[in-house]
Amino acid sequence: MQTWLSPRIKLLITLAGLLITIQIANSLSGYALVGFGIQPRTLHGLVGIIFAPLLHGDWAHLLSNLPPLLVLSALLLHDSIRKYAYASAFIIVVGGLIVWLVGRNALHIGASGWIFGLWGLLIAQGFFRRKLLDIIIALLVLFYFGAMASGLLPVHQQISTESHIAGAIAGIAYAWFANKKLRTTPTTTRSK
């Protein structure tokens, strides 16, 4: 049990430490790092696809994103670290690309797109894979994080609803692709 749990806890601690360290550097620089966010339809804004999830406008922004990111990450890590890394990379890149393509002309930063991607993925996995554990996790996510659905509505000008929607789409798409790949991969059988 410890060999399964220990690397996952270390990964979550490292992720939290990375985001806090970047926020410290961002604060000390007078928030100069936010310039590396997603600026839709600009060449410079393409860099933001990778960096935007790591950057936050202030400490309150980071501290509102960190708990759901860690909890949803922990729930996805029940499977494997490799699958979590692939899913996160897909969500960040595809979600960021969608924001870059269709987002309003603003600077988009924060981990909320990634969070909504994990949220959508965990719910969709329960639907697509139909394994008991995935269904239980999907129900827990819906119960505890169901209010996140309101984040898909454009109610605040300062919040990147585009990132929330794009992240959720990317997470659901990843769940669908992963399930499709799982179903089309031939299983190996042994004869006696």
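None of the figures in this text is laboratory data; all of them are computed from the coordinates on show. Every value quoted in this text rests on a predicted model; they were computed, and no experiment measured them.
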### Task
List the relative contact order of the chain as a percent without decimals, with contacts defined as Cα pairs under 8 Å and 6+ residues apart.
23
## Note on the structure
Subtracting the Cα-Cα distance of H78 and V102 from 0.36 nm times their residue separation yields 5.3 nm
### Message
Given a 10 angstrom Cα cut-off, can you work out which residue in N105, N26, N65 is the most mobile in a GNM of the chain?
### Response
N105
### Message
Taking θ = phi - 60°, what integer Hz values does the Karplus form 6.51 cos²θ - 1.76 cosθ + 1.60 yield along segment 128-133, in sequence order, with x for Gly and Pro?
### Response
6, 7, 6, 8, 4, 5
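Give, in nm to one decimal, the length gained when the segment between V155 and L70 is fully stretched (0.36 nm per residue of separation minus the Cα-Cα distance). Each step should come with its number before you reach the end.
Details: separation 85, 0.36 × 85 = 30.60 nm, distance 2.52 nm.
Contour length minus the Cα-Cα distance gives 28.1 nm.
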### Query
By how many degrees, 0 to 90 and rounded to 10, does the Cα axis of helix 59-76 deviate from the longest principal axis of the chain?
10
#### Entry: Residue with peak Gaussian network fluctuation, the chain [Cα springs, cutoff 10 Å], from H164, H61, H156
H156
## Note on the structure
Here segment 100-110 yields Karplus 3J(HN,Hα) values (6.51, -1.76, 1.60; θ = phi - 60°; whole Hz; Gly and Pro given as x) of 4, 6, 10, x, 5, 6, 7, 8, 9, 9, x
